[in-house]
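Please treat every number below as a calculation from the coordinates, not as lab data. These numbers were taken from a predicted model, which means no experiment stands behind them. Counting neighbours? That spans all protein chains shown, and the Cβs are built from the backbone with ideal geometry, glycine included.
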Amino acid sequence: MSCPICKRPTEAAHRPFCSKRCADVDLARWLGGGYAIPSTDPEDIEAALDAAEAERAKPH
């Protein structure tokens, strides 16, 4: 099995990754929305726009 990030052989301690670095890269992609599936559902789009506008309107 190869690492899904860099394609090197995996290490048992970090499986399915080859290193902690690649595991962290994968986690960052998940947390950053890099693996999100885009929706074409109008209700999802409207809810996302409303949430973004509400967040932008908050005083920081």
Exercise. Find the cysteines in the chain that fail to meet the 4.7 Å Cβ criterion with every other cysteine, and list them.
Key: 6, 22
Quiz item: If each of residue 35 and residue 11 carries a label point 7 Å out from its Cα toward its Cβ, how far apart are those two points in nm?
Solution: 2.1
Quiz item: Just one of [x] 17.5, 49; [y] 13.9, 46; [z] 17.6, 52 is Rg and Dmax of the Cα atoms in Å as worked out from the coordinates here. Which one is it?
Solution: [x]
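Once the Cβ-Cβ distance between residue 57 and residue 19 is put in as r, and R0 is 35 Å, what FRET efficiency do you end up with, to the nearest 0.05? Please report the intermediate quantities before stating the final value.
On the way: r = 42 Å, r/R0 = 1.20.
So, using R0 = 35 Å, E works out to roughly 0.25.
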Quiz prompt | Net charge over other residues, Cβ less than 15 angstrom from the Cβ of residue 6 (K, R count +1; D, E count -1) | solution = +3
Practice problem: Specify the angular offset, from 0 to 90 degrees and rounded to the nearest 10, of the alpha carbon long axis of helix 42-57 from the longest principal axis of the alpha carbons in the chain. | Solution: 80
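Grab the DSSP H runs of the chain that are 4 residues or longer, score each as -39,500 (n - 2.57), total them, divide by all residues and round the 222 nm result to the nearest 500 deg cm²/dmol.
-15000 deg cm²/dmol
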Quiz item: Nearest 10 degrees, 0 to 90: what angle lies between the long axis of helix 20-31 and the longest principal axis of the chain (Cα atoms)?
Solution: 20
